[in-house]
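Single-structure report; data block below.
The values are calculated or read from the model by the stated rules, or taken from the named source; none is laboratory data. No experiment lies behind these values; they were computed from the predicted model shown. Neighbour counts run over all protein chains shown; Cβ positions are idealised from the backbone, glycine included. Note: areas computed on protein heavy atoms with side chains; ligands, DNA, RNA excluded. Shrake-Rupley method; radii C 1.70, N 1.55, O 1.52, S 1.80 Å.
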Amino acid sequence: MQTGMVIAIILVVVLVALALLSTYRLVMLRRGGTAAILRILPARGGERWRHGVIRYDEDRLVFYKLTSLKPGADSVIRRRGIEIGDRRGPRGDEYDIMTDAISVIGVADRSGDYELALDRAALTAFLSWVESRPSERARRLRGH
């Protein structure tokens, strides 16, 4: 077989794989969720913000970046041990991607520190999800 033919076959296989990953990711994003902007700390100024979709389940929040081809979640925040930090509005060059209607809230879990930028309704849903977690005492009683 000629070298050109082998290269063409490899190129077709790579393009098909990318198309399948893109389609899978699009289906994952279209399943629903809450629009959010997230960044992993530390970060300076308006750097490292990523648009995406968050979804909640029983014990974790999963974040899917809009521009990623990764098959699974890009970030996971566990509800157990979550700590809510300061709330603020956008600052400086963050206004390039946010409006005054957005609140930025600091969030930490055992795996890292984050900032979430959410509109009023999404922030209410997030705080309700955090506050509705079972207490540590209830967990100990169930697990004797």
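For the reader, a short list of remarks on this structure follows.
- Residue match in the stretch 24-40 (condition: out of contact with any Phe, Trp or Tyr (no Cβ under 6 Å at 6 or more places or on another chain) and over 30 Å from residue 111 (Cβ atoms)): no
- Filter pass, residue 36 being part of a strand (DSSP E or B) and either touching an Asp or Glu at 6+ places or on another chain (Cβ under 6 Å) or at pLDDT 80 or above (or both): yes
- Search result, residues across the stretch 98-133 that are assigned to a loop (DSSP other than H, G, I, E, B), open to solvent by 40 Å² or more (accessible area, probe 1.4 Å) and of a type outside the set (Val, Ile, Thr): 100, 101, 110, 111, 119, 132, 133
- Within the stretch 64-97, the set of residues being open to solvent by 40 Å² or more (accessible area, probe 1.4 Å), part of a loop (DSSP other than H, G, I, E, B), within 11 Å of residue 108 (Cα to Cα) and among the hydrophobic types (A, V, I, L, M, F, W, C) is empty.
- Residue 33 of a type in the set (Gly, Ala, Ser) and either out of contact with any Gly (no Cβ under 7 Å at 6 or more places or on another chain) or surrounded by fewer than 12 Cβ atoms within 10 Å (Cβ to Cβ) (or both): yes
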